[in-house]
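Okay, structure first, notes after.
The values are calculated or read from the model by the stated rules, or taken from the named source; none is laboratory data. Keep in mind that what you see is a predicted model, and the values were worked out from it rather than measured. Note that we place each Cβ from the backbone using ideal geometry, even for glycine, and neighbour counts take in every protein chain shown. Accessible surface areas use protein heavy atoms only, side chains included; no ligands, DNA or RNA. Shrake-Rupley method; radii C 1.70, N 1.55, O 1.52, S 1.80 Å.
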Amino acid sequence: MLYKRSSALFAQAGAVIPGGVNSPVRAFNAVGGTPIFIEKAEGAYLFDVDGNTYIDYINSWGPMILGHAHKPVVDAVVKKAQLGTSFGTPTEIETQIAELAVSMVPNIDKIRFVNSGTEACMSAVRLARGFTGKEKIIKFAGCYHGHSDSFLIQAGSGAVTFGSPNSPGVTQGTAKDTLLARYNDIENVEAIIANKNEIACIILEPVAGNMGCIPPKPDFLKQLRVLCDAHNILLIFDEVMTGFRLAKGGAQELYGINADIVCFGKVIGGGLPVGAFAARSDIMNYLAPVGPVYQAGTLSGNPLAMAAGLAMLKELNSDEEIYNRLNSKTEYLHEGLSKVLNENKVVHTINRVGSMISVHFSKDEVVDFETAAKGNNDTFKAFFHGMLNEGVYIAPSAFETWFITDALSYADLDKTIEACNTVSKSL
Ligand SMILES: *Cc1c(COP(=O)(O)O)cnc(C)c1O
């Protein structure tokens, strides 16, 4: 494939935008090469500025669960835009999407909309601290909760007790309040809590998606629930990726575990910049203007964003078969990829939950950040570029999940499996 115009645009962008991108994951630093500039997208396909077409497994990193340019979503946005794009006053559509979200998700009474998943997680943690009157939080190595300071804490020896900032600009003062735990390791979490009564909340991705896809071990979520109840700690499910994707009610519904606060993003905005966090009334009423915890946003609940999100949630809510279809398609892809990777003797492990799937180039089970990091990155790089060349666009990092959309046909999946077969022969 030719990437002539993408290369030129990337060079031009680099002069005025750091690294030529507005979010680092878009750069190809982990795999080498030039990021591809997309001209348009429709259904399961991306079309780049050089005239190449790709089957898309990034899907804007999650939101496009029904495929790109889904008509009801686009129509809703266009119609709303004609009435003015922002007022900074309440609008009826905010209540409509709130009512629908509260009806779809278990165990929440109230929801507040923000502009990104980062804002949702950041605000949820502030609310948890305000509500419990405690300061420390527990997060898991390899889980991503956006780029606010408290979350940019890396795993590492000794880091568990005195978190160390992994990004310059995060102060030691902030880092020390984030305690790191190992995903899927309940004893590790117990040891960190250790009866100290200083933990406000435990935040996690109920299915990890930001170190590749890693399912929670049986009972892990339940054990966290029990621990939180015993120690007056709020359990925060960061469902920015899993919300409205794994089920109407997300991971809470799929695993039958209630979180105290749930964070949303991605699918809930239908492809526009939206995040949200939700909880029982007694917790949510701690927020300004009823309660003391401050949280605000000039463009929060923006009419265009709400129109896209509402149209998306309505589609998901009214289609009884959507999650079964997504599961079946992902299972089909899983089986096909396994088959050709095995036939070509490529060492790998595939993890999958619902419509989240990832191929780890590692022979061992992948259950946490440490085991995810053992994957062979050279194999991944070759795989990524090989697939791209075959017209299959997966995320340019071994630590990302592939997202399956309803727009993918079985012919698209077959083409993807065939591409994997071709690429596997040269790995
Ligand atoms: C994407 C993501 C975020 C951050 O959302 P942004 O909209 O990029 O700020 C937070 N948590 C999880 C689990 C995510 O996947």
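Heavy-atom accessible area, probed at 1.4 angstrom with all protein chains present, ranks H385, H360 as H385, H360, highest first. Placing dummy labels 7 Å off each Cα toward the beta-carbon, the span from K40 to A382 is 3.8 nm. Its convex hull of Cα atoms gives the stretch 1-79 a direction-averaged projected area, equal to a quarter of the hull surface, of 6.1 nm². With 5 Å bins beginning at zero, the pair-distance distribution over Cα atoms of the stretch 71-318 amounts to 1, 7, 14, 19, 19, 16, 11, 7, 4, 2, 0, 0 %. Stokes-Einstein, applied to the Kirkwood radius of the stretch 341-408 over Cα pairs at a viscosity of 1.002 mPa s and 20 °C, places its translational diffusion at 169 µm² s⁻¹. By the rule of a C-alpha distance below 15 Å, with chain neighbours fewer than 8 residues away ignored, the aspartates and glutamates paired with K80 are E92, E94. Relative to the 2.2 N^0.38 Å rule of thumb, the chain has a C-alpha radius of gyration ratio of 0.97.
Comparing D260, D368, D414, which has the greatest mean-square fluctuation in the GNM of the chain with Cα pairs linked when under 10 Å apart? Looking only at D260, D368, D414, the largest GNM fluctuation is found for D414. In the elastic network of the chain, a GNM with C-alpha springs shorter than 10 Å, the most mobile of A194, A181, A382 is A194.
Based on the mean of other beta carbon atoms within 10 Å per residue, what is the order of 29-40, 52-63, most packed first?
52-63, 29-40
Cα centroids of the stretch 215-235 and the stretch 374-425: 34 Å apart. On a per residue basis, the chain carries 42 Å² of accessible surface, using protein heavy atoms and a 1.4 Å probe. Normalising the average separation of contacting C-alpha pairs (under 8 angstrom, six or more residues apart) by the number of residues puts the relative contact order of the stretch 37-128 at 14 percent. Across the cross-link table entries K40/K329; K248/K425; K40/K314, which are compared at the Cα atoms, the separations over 31 Å belong to K248/K425.
Between the listed residues I137, I257, L310, the Cα displaced farthest toward the positive end of the dipole of the stretch 71-318, a dipole computed from Cβ unit charges relative to the Cα centre, is found at L310.
Taking A276, A13, A398 in turn, the Gaussian network model of the chain (Cα-Cα springs below 10 Å) assigns the largest fluctuation to A13. Rolling a 1.4 Å probe across all protein chains gives I203 an accessible area of roughly 0 Å². Taking Cα centre as origin and charging only the Cβ of basic (Lys, Arg, +1) and acidic (Asp, Glu, -1) residues, the dipole magnitude of the chain rounds to 600 debye. The charge dipole of the stretch 226-314, taken about the Cα centre with unit charges on the Cβ atoms of Lys, Arg (+1) and Asp, Glu (-1), comes to about 360 debye, rounded to the nearest 20.
When the accessible area of the chain is split by element with a 1.4 Å probe, what percent falls to carbon and sulfur?
Heavy-atom surface of the chain belonging to carbon and sulfur, 1.4 Å probe: 52 percent.
Taking every protein chain into account, the 1.4 Å probe leaves I233 with about 10 Å² of accessible area, to the nearest ten.
Each of N232, A191, L299 was placed along the dipole of the stretch 71-318 (beta-carbon charges, centred on the mean Cα), and the one lying farthest toward the positive end is L299.
Binning the alpha carbon pair distances of the stretch 213-330 at 10 angstrom intervals from zero yields the distribution 12, 36, 35, 15, 1, expressed in whole percent. Taking the square roots of five times each eigenvalue of the Cα gyration tensor of the stretch 64-202, the equivalent ellipsoid has semi-axes of 36, 17, 16 Å, listed largest first. The stretch between N258 and E418 holds 53.5 nm of extra length on full extension. This uses 0.36 nm per residue minus the Cα-Cα distance.
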